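Visitor: To start, I am sharing the structure in question, which I have written as structure tokens.
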Amino acid sequence: MKRTGRFTRFGCALLTVITAVILSGCHDMREIDDMAYPLAIGLDIGHANVLRMTLQLAAPLSIGGGGAGESGGGGDTGGGGKPISVITIDTPSIFSGLNMVNNIISKEINMSHAKVVVISRDLAEKGVEKYVQAMTRGREFRPDMFILVSNDPPDEYLKEVSAILESNPAKYYELLLGKEFSSYYPEARMSDFQHALERNDIEPVAVLSGINAKESTDELDEMSQIGKQYLDEGRYEAGDVPMISDLRIVAMGTAVFKNGKMVGTLDGIESVCFEMITGKYRHSYWTIPDVYDKDNVIVMNVVQRKKPKATVEMKDGRPVITVVLDLEGDFTSLQSSVEYEKYPELVENKTSEIIRQNIMSFLRRTTDEFDSDICGFGRYIKGRFLTWDEWEKFDWPSHYKNSEFNVEVNFKIRRTGLIIRQIIS
Amino acid sequence: MRMEKKIKFGRWEAVALTSNLICTKVFLYFNRLTVEDAGNAGWLMAIFICAVAVALYSLQIWQYKKFEGKDILDIAEIAGGKILKAITGFTLGGLLFLLAAITIRKFSEDIKTISLPTSPLSYVMVFFMAGIVIAGFLGVESIVRHSAIVIPIVVAGYVVILLGIMPKIDVTNLFPIFGTGLKDILLKGFYRTSIFAELLVLFMLPPFLESYEDVKNIGYVSISLCSFFLITGSLVYILVFPYPSSLEPFLPVFNMARLIGLGRFFQRIESLFVFIWVMSALIYLSTVFFFAMYTVSKAAGLKYIRPMIIPFAIILFSTAFLPADLISVIKVESGFVNTWGWAVTFVFTGLIFLWARIVEHGRRKSRGK
């Protein structure tokens with residue numbers, strides 16, 4: 001008995017020592033400081049090799065200092081240098097590129113903090129499926145990375161990213177691309193993109209982004225329409241927004257894909273329609289012309305009250321797609337002297353009609369121009385089939401271009417802001 | 001340590017132990033397996049598997065009624081003497097040993113894939129081996145009591161993952177409702193009842209339990225709990241990953257956990273998955289390893305288990321390295337254990353019960369004469 005107790009004590013002591021020795025530095029021990037963390041990865045068609053890959057690396061010392069606002073005062077920007085460093089390399093594949101980059105930089109590349117994949121328009125049009133698959137298989141790539149298509153080469157694009165309002169570029173990407181208060185581009189994540197690539201009831205989309213090259217108001221003056229006529233703010237795409245800013249990156253619009261290749265783009269307002277149809281629209285300001293006075297506008301904060309209802313039926317071999325949207329809005333600005341607060345029906349009807357027309361025009365583009373079911377209407381007709389074989393034989397993608405749309409928009413004005421009537425002298 | 005005849009444990013401990021043995025597969029592969037077999041109707045197949053398991057268990061437990069307090073080896077001895085007892089012991093022990101070897105290899109490979117990519121496989125496996133060897137020395141009571149404490153934590157972690165992934169679900173993923181077809185759901189579903197193969201441990205527990213009613217209730221409660229987790233696991237997975245993308249993930253629950261992002265603060269919930277998964281795996285391996293030794297030693301008429309622990313562990317360690325790669329392990333698991341496991345757990349043991357009943361009936365009759 002005594003012997004057993006001694007053995008137990010000896011065994012426990014030995015186990016403690018072995019565990020302490022083994023676990024203090026296992027094979028996979030990696031110091032955070034020994035790693036280099038790319039925040040964004042850019043993919044383009046290469047010239048010296050098939051793929052041009054750009055990595056935007058975080059410089060932790062510069063980021064760690066924090067901006068004045070974030071650190072609670074102090075105003076020191078930490079290391080004082082740029083928070084990012086950009087490396088571009090021509091490579092046969094993504095992982096070979098990471099290998100090559102590891103020959104240049106002292107730290108080991110770790111992709112687990114990458115927030116964005118920026119794909120050049122040229123590469124997107126050529127096809128991105130193989131690169132998306134590679135990133136899906138890679139352990140370090142996150143499925144919630146944002147996916148962007150840039151009108152400009154990613155190596156230039158990523159150099160232009162400057163997170164002025166945040167010291168941390170990762171936060172900049174998260175706030176810019178994952179925000180709820182702008183709907184002029186979709187929330188496009190890697191996992192959704194990859195799933196849509198593999199399905200036959202929906203096609204993928206990506207955020208359309210670009211560099212705003214305008215540097216002075218003279219360039220704005222040169223643009224047509226200036227000051228003469230009201231032009232909806234959503235009628236722009238990334239790169240052509242009339243804007244002067246230190247922040248040169250603009251996300252505006254949607255890149256539309258079919259069978260893994262980019263087939264077109266949507267502007268801001270069409271992206272809003274896309275968001276509304278897919279039920280991902282949160283809220284944004286809508287500007288419509290005044291009902292009685294063309295020189296004035298009415299601005300409302302429009303919110304999607306309920307998820308949209310979509311049904312798809314086959315009539316005479318053509319899909320008939322019906323969508324019912326429930327929206328509501330608050331008056332934000334009424335420029336004319338008409339008391340719309342008393343008669344909101346006028347604005348409601350006009351807004352419903354404008355939204356309906358925009359959506360119809362957007363949906364027709366998806367059939368006539370892109371032939372790509374980015375809204376995923378195929379998902380609603382799948383329920384009419386019992387087995388996967390039947391569904392595949394039906395071949396939804398071949399039917400989509402013949403679709404007929406019925407869109408019903410129910411819009412109600414709910415609130416009037418902080419004033420209930422406007423006195424205009 | 002002598003055979004643990006005097007050790008008794010309660011219903012909850014036994015339920016936790018048997019439920020973990022079956023539900024560990026949810027973390028490993030079960031969700032993907034149902035999709036591989038029945039497409040997006042995998043959840044219907046999961047319901048069918050559980051229904052068949054309940055039916056087969058009901059039949060077994062009805063046959064077992066006459067043998068209160070006896071385990072499967074005692075019953076085999078009644079049916080066919082020491083020879084059948086030995087055959088049964090080595091068959092069931094062999095199956096459990098095979099399960100332990102496959103699972104330790106797979107768990108280690110999985111850990112290597114997701115957490116320790118540069119560590120040698122043997123290094124990863126040594127930690128599991130150490131755990132199961134220590135558990136073997138401490139005995140069944142420690143394993144059972146440990147599982148009673150750990151399983152609620154594992155369940156809580158799993159439920160957090162299921163709730164966290166809710167914003168990602170899409171109901172249209174369930175259609176076409178019958179997936180790859182009713183034939184696949186029913187036919188493949190029947191032999192995937194092998195998922196419940198570890199239920200045979202339940203018929204090794206009676207000496208540690210109080211009564212027949214205990215065994216019966218523990219079985220039903222365990223199957224009900226497992227059914228809940230298997231069905232919800234498969235259903236949520238299909239709702240999150242559309243078919244055919246759902247065929248791709250190597251570790252379904254891990255892949256689901258990677259998608260969870262609750263605001264900018266709660267991200268990378270998969271670290272929770274690794275924690276609950278390893279706890280569950282360690283209990284699974286400890287249990288299966290212990291009962292493999294227990295069955296073999298009892299079949300061989302050995303008085304003590306402890307001297308067998310180290311040799312068994314070395315054999316297990318070596319056996320786990322026999323498959324050349326991870327794909328070979330998955331092939332053995334999917335093509336053999338998960339296809340024919342039902343034959344051992346339900347048919348083989350069922351035949352022993354039946355035979356023992358006939359022998360017992362014959363003896364009673366002859367005594368009556």
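The values are calculated or read from the model by the stated rules, or taken from the named source; none is laboratory data. Everything numeric here is computed off the predicted structure, so don't read it as measured data. Heads up, the Cβs are rebuilt from the backbone with ideal geometry, glycines too, and the neighbour counts pull from every protein chain shown. For accessibility, only protein heavy atoms count, side chains too; no ligands or nucleic acids. Shrake-Rupley method; radii C 1.70, N 1.55, O 1.52, S 1.80 Å.
Visitor: Which one of these does residue B:119 not meet: (1) open to solvent by less than 10 Å² (accessible area, probe 1.4 Å); (2) within 13 Å of chain A (Cβ to nearest Cβ); (3) closer than 23 Å to residue B:26 by Cβ?
Guide: Residue B:119 satisfies all of (1) open to solvent by less than 10 Å² (accessible area, probe 1.4 Å); (2) within 13 Å of chain A (Cβ to nearest Cβ); (3) closer than 23 Å to residue B:26 by Cβ except (3).
Visitor: Pick from A:338, A:407: which is among the hydrophobic types (A, V, I, L, M, F, W, C) and within 20 Å of residue A:281 (Cα to Cα)?
Guide: A:407
Visitor: Related question: Does the stretch A:324-363 hold any residues that are farther than 20 Å from residue A:268 by Cα and touching a helix residue (DSSP H, G or I) at 6+ places or on another chain (Cβ under 6 Å), and which are they?
Guide: A:340
Visitor: Identify, from the list B:86, B:76, B:53, the residue that is in contact (Cβ under 8 Å) with a residue 40 or more places away in the chain, of a type in the set (Gly, Ala, Ser) and touching a Leu at 6+ places or on another chain (Cβ under 7 Å).
Guide: Matching residue, one of B:86, B:76, B:53: B:76.
Visitor: Give A:324, A:320, A:312 a once-over and let me know the one that is within 26 Å of residue B:242 (Cα to Cα), open to solvent by 30 Å² or more (accessible area, probe 1.4 Å) and in contact (Cβ under 8 Å) with a residue 24 or more places away in the chain.
Guide: Exactly one residue qualifies, and that residue is A:324.
Visitor: Next question, about the same structure. Could you go through the stretch B:170-182 and let me know if any residue there is more than 30 Å from residue A:144 (Cα to Cα), assigned to a helix (DSSP H, G or I) and at pLDDT 90 or above.
Guide: Yes.
Visitor: Across the stretch B:129-171, what is the total count of residues that are at the interface with chain A (Cβ under 9 Å from one of its Cβ atoms) and free of Cβ contacts under 8 Å to residues at least 60 places away in the same chain?
Guide: 2
Visitor: Taking the stretch B:276-295, which residues are farther than 19 Å from residue B:320 by Cα and either in contact with a strand residue (DSSP E or B) (Cβ under 8 Å, 6 or more places away or on another chain) or among the hydrophobic types (A, V, I, L, M, F, W, C) (or both)?
Guide: B:276, B:277, B:279
Visitor: Going residue by residue through the stretch A:288-298, is there one that turns out to be buried (at least 16 other Cβ atoms within 10 Å of the Cβ) and polar (S, T, N, Q)?
Guide: Yes, the stretch A:288-298 contains a residue that is buried (at least 16 other Cβ atoms within 10 Å of the Cβ) and polar (S, T, N, Q).
Visitor: Further question: With a cut-off of at least 1 residues that are over 17 Å from residue A:377 (Cβ atoms) and under 20 Å from the mean Cα position of the chain (by Cα), name the strands (runs of 3 or more DSSP E) lying wholly within the stretch A:231-324.
Guide: Because the criterion is at least 1 residues that are over 17 Å from residue A:377 (Cβ atoms) and under 20 Å from the mean Cα position of the chain (by Cα), the strands (runs of 3 or more DSSP E) in the stretch A:231-324 that meet it are A:249-258, A:261-266, A:283-289, A:297-304.
Visitor: Restricting attention to the stretch A:173-195, which residues are in contact (Cβ under 8 Å) with a residue 24 or more places away in the chain, in contact with an Asp or Glu (Cβ under 8 Å, 6 or more places away or on another chain), within 11 Å of chain B (Cβ to nearest Cβ) and not hydroxyl-bearing (Ser, Thr, Tyr)?
Guide: Across the stretch A:173-195, the qualifying residues are A:178, A:189, A:190.
Visitor: Also, quick follow-up: When residues of the stretch A:150-172 are filtered for being assigned to a helix (DSSP H, G or I), open to solvent by less than 10 Å² (accessible area, probe 1.4 Å) and either within 11 Å of another protein chain (Cβ to nearest Cβ) or in contact with a helix residue (DSSP H, G or I) (Cβ under 9 Å, 6 or more places away or on another chain) (or both), how many remain?
Guide: 2
Visitor: A follow-up question, please. Taking into account only those residues within the stretch B:177-200 that are within 14 Å of chain A (Cβ to nearest Cβ) and of a type in the set (Gly, Ala, Ser), which is surrounded by the fewest Cβ atoms within 10 Å (Cβ to Cβ)?
Guide: B:181
Visitor: Looking only at residues that are closer than 21 Å to residue A:203 by Cα and surrounded by 15 or more Cβ atoms within 10 Å (Cβ to Cβ) in the stretch A:129-141, which one is nearest to the other protein chains (Cβ to nearest Cβ)?
Guide: Of everything passing the filter in the stretch A:129-141, A:136 is nearest to the other protein chains (Cβ to nearest Cβ).
Visitor: While we're here: What number of residues within the stretch A:197-221 satisfy the criterion of being open to solvent by 10 Å² or more (accessible area, probe 1.4 Å), in a loop (DSSP other than H, G, I, E, B) and away from chain B (no Cβ under 12 Å)?
Guide: 5
Visitor: Could you grab me the full set of residues in the stretch B:247-269 that are in a helix (DSSP H, G or I), closer than 30 Å to residue A:170 by Cα and touching a residue at least 24 places away in the same chain (Cβ under 8 Å)?
Guide: Across the stretch B:247-269, the qualifying residues are B:252, B:253, B:254, B:256, B:257, B:259.
Visitor: Another question about this same structure. For the stretch B:216-248, enumerate the residues that are of a type outside the set (A, V, I, L, M, F, W, C) and within 21 Å of the chain's Cα centre (by Cα).
Guide: Residues satisfying the conditions are B:216, B:217, B:219, B:220, B:222, B:224, B:227, B:232, B:233, B:234, B:237.
Visitor: Now, a different point. Considering only residues that are without any contact (Cβ under 8 Å) to a residue 12 or more places away in the chain and open to solvent by less than 30 Å² (accessible area, probe 1.4 Å), which ones fall in the stretch A:4-39?
Guide: A:5, A:28
Visitor: State all residues of the stretch B:202-241 that are modelled with pLDDT under 95 and in a loop (DSSP other than H, G, I, E, B); if no residue qualifies, say none.
Guide: B:205, B:209, B:210, B:211
Visitor: Only one of (1) within 30 Å of residue A:331 (Cβ to Cβ); (2) open to solvent by less than 40 Å² (accessible area, probe 1.4 Å) fails for residue A:422. Which number is that?
Guide: With respect to (1) within 30 Å of residue A:331 (Cβ to Cβ); (2) open to solvent by less than 40 Å² (accessible area, probe 1.4 Å), residue A:422 is out only on (2).
Visitor: Residue by residue through the stretch A:40-50, note down the ones that are in a strand (DSSP E or B) and open to solvent by 10 Å² or more (accessible area, probe 1.4 Å).
Guide: A:44, A:45
Visitor: Something else: Only one of A:105, A:147, A:89 is farther than 17 Å from residue A:261 by Cα, in contact with a strand residue (DSSP E or B) (Cβ under 8 Å, 6 or more places away or on another chain) and open to solvent by less than 30 Å² (accessible area, probe 1.4 Å); which?
Guide: Exactly one of A:105, A:147, A:89 is farther than 17 Å from residue A:261 by Cα, in contact with a strand residue (DSSP E or B) (Cβ under 8 Å, 6 or more places away or on another chain) and open to solvent by less than 30 Å² (accessible area, probe 1.4 Å), namely A:89.
Visitor: Can you say whether residue B:222 is under 16 Å from residue B:20 (Cβ atoms) and either more than 10 Å from chain A (Cβ to nearest Cβ) or surrounded by fewer than 19 Cβ atoms within 10 Å (Cβ to Cβ) (or both), as far as the supplied structure shows?
Guide: Here the answer is yes, as residue B:222 does meet what is asked.
Visitor: Does the stretch A:389-405 contain at least one residue that is among the charged types (D, E, K, R) and surrounded by 17 or more Cβ atoms within 10 Å (Cβ to Cβ)?
Guide: Among the residues of the stretch A:389-405, not one is among the charged types (D, E, K, R) and surrounded by 17 or more Cβ atoms within 10 Å (Cβ to Cβ), which makes the answer no.
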